[in-house]
Amino acid sequence: MNEWNECHNEIISLEHVAYRYDNQNVFEDVNFKVYERDFVGLIGSNGAGKTTLLKLMVGLLKPTSGEVRLFGTPVRQFKDWERIGYVPQKNSFNPLFPATVMEVVQSGMYNRRKMFRRLTHEDKEKCLDALKVMKIENLADKRIGQLSGGQQQRAFLARAMVNKPELLILDEPTVGIDIETQKDFFKLLQHLHAHHEMTFIMVSHDLELVNSWLGSEPVQCCGKLNFYRKHSHDQPCIEQDLTHSVMS
Amino acid sequence: MLIDILTSQFFQRALLGGVLIGVTAPMLGIFLVLRRLSMIGDTLAHVTIAGVALGFLIGVYPIWAGLVFALIGSFAVEKLRKAYKTYAELSIAVIMSGGVALASLFFTLGRNFNANVNNYFFGSIYTLNMLDLAIVGMVTLIVIGFMMVFFKEMFLLSFDEDTAAVNGLPVRWFNLALTVLTALVISAAIKIVGALLVSALLTIPVAISLLIARSFKKAIIVSVLVSELAVIGGLIAAGVWNLAPGATIVLLLIAILIITMLVRKGIKV
Ligand SMILES: Nc1ncnc2c1ncn2[C@@H]1O[C@H](COP(=O)(O)OP(=O)(O)O)[C@@H](O)[C@H]1O
Ligand SMILES: [Mg+2]
């Protein structure tokens with residue numbers, strides 16, 4: 001039996017999930033569970049429904065049938081969105097959008113609880129920290145559209161991290177980024193996974209990379225979707241304070 | 001001569017109305033432009049004119065009737081936008097022609113008020129009365145209040161709506177609020193700059209600020225400053241040289257836009 005089933009909570013659970021757009025069935029019966037401190041890689045050809053599945057997980061789409069649960073709560077009733085960071089597929093924002101990197105990163109904190117409230121000094125410090133972790137603090141005052149693709153992706157990752165989410169959901173985070181930056185990026189993810197108590201689900205088109213990291217065999221297939229999984233036991237799960245080991 | 005004009009009551013009312021709408025229009029316009037809804041101002045203005053004409057026809061204060069039409073029009077745009085997701089401009093074309101058609105229908109029904117309706121087509125800032133000013137003032141308060149309270153949420157919503165939804169923000173509620181505010185601003189602005197030019201005040205200051213502003217806060221500040229410069233400068237110029245005020249304001253805005261494009265390398269903020 002898989003060891004993690006016993007010692008970790010369900011973070012995401014998909015039960016008999018089906019989804020169809022107006023005229024097209026994307027998938028009919030997806031069953032999958034993501035446990036605490038898993039790193040799940042999701043692979044599938046173009047149009048397999050990977051993005052659709054992630055959107056179902058974060059409640060942007062409602063399943064045609066079946067149930068999606070986050071941290072044990074059905075998505076519809078889920079309220080603790082700070083626990084989740086989501087980086088959508090290729091942020092196709094307007095490159096002329098007048099927003100600095102800092103403004104974009106701070107927007108990660110604009111949630112229901114922060115409505116009618118200003119960001120505190122502490123909040124802003126956290127945003128600066130996230131920029132430092134992504135090594136883009138020197139770009140804080142640049143317009144987001146002026147950054148390179150890789151730098152933008154780091155900014156969006158920083159935004160998804162400002163609330164120190166327990167679950168990070170990434171949709172093809174490295175598309176359009178040069179190999180060197182991709183390597184850095186995955187090192188960063190690996191570190192976060194191993195040393196910070198985070199759970200990941202990442203869509204990737206890079207089978208080679210997923211294989212070398214998450215193993216060569218998918219743990220589960222649902223139609224055209226292939227799930228790979230690696231569970232972190234690099235650190236005992238009880239370990240609490242690891243924030244000092246910010247990646248270098 | 002100049003002093004006479006500047007101190008006359010009708011001019012001061014005009015200036016006050018212009019200054020108020022000069023803050024409100026770009027403040028709202030930036031959210032419309034960034035969400036690719038630049039043309040919605042024009043569309044709703046034409047619908048509003050239909051309402052104004054009906055108001056004259058049935059004896060209701062034209063701005064109130066225009067406001068009701070603007071609200072209906074803005075909801076219709078939203079509905080159509082959902083039905084034709086990938087053809088946002090289609091909803092705008094449909095509603096705009098509907099507005100023009102209704103307006104001309106009402107015109108033919110009541111020929112004797114054509115002159116009055118012209119005030120709303122081309123703007124008639126010198127005929128603002130206290131009720132008009134009160135309406136503009138109220139709308140200004142509502143818009144500024146809303147933006148102060150929900151500034152950060154509106155930022156995220158314009159930057160990327162999906163993330164706003166995943167963060168648990170009531171996205172539909174905000175979209176509805178933006179729609180209603182747009183209708184309010186347009187019906188309040190229409191007597192000041194005229195239906196044909198109202199979208200200029202919503203969009204050109206924003207177009208200028210997009211050229212030079214790096215951050216969102218600065219974009220809003222720049223667009224409001226630019227719009228005030230054009231409104232105040234345009235009104236004074238129009239008063240002194242006896243020009244059409246709405247047109248002068250808009251042409252001044254376009255001049256500022258051109259100058260900004262020419263020298264923008266030097267004025268990044
Ligand atoms: N908004 C939409 N409306 C209709 N069909 C869609 C929409 N988005 C995606 N699809 C279809 O659903 C299928 C799955 O899309 P998607 O989840 O984006 O795939 P992937 O991310 O794996 O490439 C595709 O065949 C696509 O054409
Ligand atoms: Mg995809």
Criterion violated by B:Leu243 - all others in (1) without any contact (Cβ under 8 Å) to a residue 40 or more places away in the chain; (2) in contact with a strand residue (DSSP E or B) (Cβ under 8 Å, 6 or more places away or on another chain) satisfied = (2)
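Of all residues in the range B:195-246 being outside any helix (DSSP H, G or I) and away from chain A (no Cβ under 14 Å), which is surrounded by the fewest Cβ atoms within 10 Å (Cβ to Cβ)? Full working, then the answer.
To start, the set of residues in the range B:195-246 that are outside any helix (DSSP H, G or I) comprises B:195-197, B:213-215, B:242-244.
Retained after the next criterion (residues that are away from chain A (no Cβ under 14 Å)): B:195-197, B:242-244.
Values: B:Ala195: 30, B:Leu196: 19, B:Leu197: 25, B:Asn242: 8, B:Leu243: 15, B:Ala244: 17.
Selected residue: B:Asn242.
Being on the phi < 0 side of the Ramachandran plot and out of contact with any Leu (no Cβ under 7 Å at 6 or more places or on another chain) is the requirement here; does B:Leu128 meet it?
So B:Leu128 fits the description; yes.
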Among residues of the range A:90-103 being aliphatic (A, V, I, L, M) and facing chain B (nearest Cβ under 7 Å), the residue nearest to A:Gly176 (Cα to Cα) is A:Leu96
Within the set of pairs 6+ apart or on separate chains, which have a first residue in the range B:138-162 that is facing chain A (nearest Cβ under 8 Å), a second that is buried (at least 20 other Cβ atoms within 10 Å of the Cβ) and of a type in the set (S, T, N, Q), and C-beta atoms under 8 Å apart?
-> B:Lys152/A:Gln106; B:Lys152/A:Ser107; B:Phe155/A:Ser107; B:Leu156/A:Ser107; B:Leu156/B:Thr163; B:Leu156/B:Asn167; B:Phe159/A:Ser107
Leading residue by the ranking (nearest to ligand 2 (Cβ to nearest atom)) among those in the range A:38-57 that are within 14 Å of chain B (Cβ to nearest Cβ) and hydrophobic (A, V, I, L, M, F, W, C) = A:Leu54
Within the range B:155-179, restricting to residues that are at pLDDT below 90 and under 30 Å from B:Asp132 (Cα atoms), the one that is surrounded by the most Cβ atoms within 10 Å (Cβ to Cβ) is B:Thr179
Of the residues in the range A:159-174 that are among the hydrophobic types (A, V, I, L, M, F, W, C) and within 16 Å of ligand 2 (Cβ to nearest atom), the one that is farthest from the chain's Cα centre (by Cα) is A:Leu170
Filter the range A:33-87 for residues that are of a type in the set (Asp, Glu) and buried (at least 19 other Cβ atoms within 10 Å of the Cβ) and give the result.
-> A:Glu36, A:Asp38, A:Glu82
Note on A:Leu60: of the conditions (1) without any contact (Cβ under 8 Å) to a residue 12 or more places away in the chain; (2) away from chain B (no Cβ under 14 Å); (3) within 16 Å of ligand 2 (Cβ to nearest atom), unmet is (2)
Scan the range B:163-172 for residues that are within 11 Å of another protein chain (Cβ to nearest Cβ) and assigned to a helix (DSSP H, G or I) and jot them down.
-> B:Thr163, B:Ala164, B:Ala165, B:Val166, B:Val171
Having 3 or more residues that are aliphatic (A, V, I, L, M) and within 16 Å of ligand 1 (Cβ to nearest atom) is the bar; report the strands (runs of 3 or more DSSP E) wholly within the range A:1-110 that clear it.
-> A:10-21, A:38-43
Residue pairs meeting the criteria (Cβ under 7 Å; at least 6 apart or on separate chains; first under 18 Å from A:Thr199 (Cα atoms), in the range A:64-79; second part of a strand (DSSP E or B) and among the hydroxyl-bearing types (Ser, Thr, Tyr)) = A:Arg69/A:Ser13
Tally of residues being within 7 Å of chain B (Cβ to nearest Cβ) and either among the acidic types (Asp, Glu) or within 20 Å of A:Gln146 (Cα to Cα) (or both) across the range A:77-89 | 1
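I want to confirm something. Restricting to the range A:197-213 and keeping residues that are crowded, with 20+ Cβ neighbours inside 10 Å and within 16 Å of ligand 1 (Cβ to nearest atom), which single residue is farthest from A:Gly85 (Cα to Cα)?
Per the criteria, the residue is A:Val210.
The values are calculated or read from the model by the stated rules, or taken from the named source; none is laboratory data. The model shown is predicted, which means the values in this text are computed figures rather than measured ones. In this analysis, Cβ positions are derived from the backbone assuming ideal geometry, glycine residues included, and neighbour counts consider all displayed protein chains.
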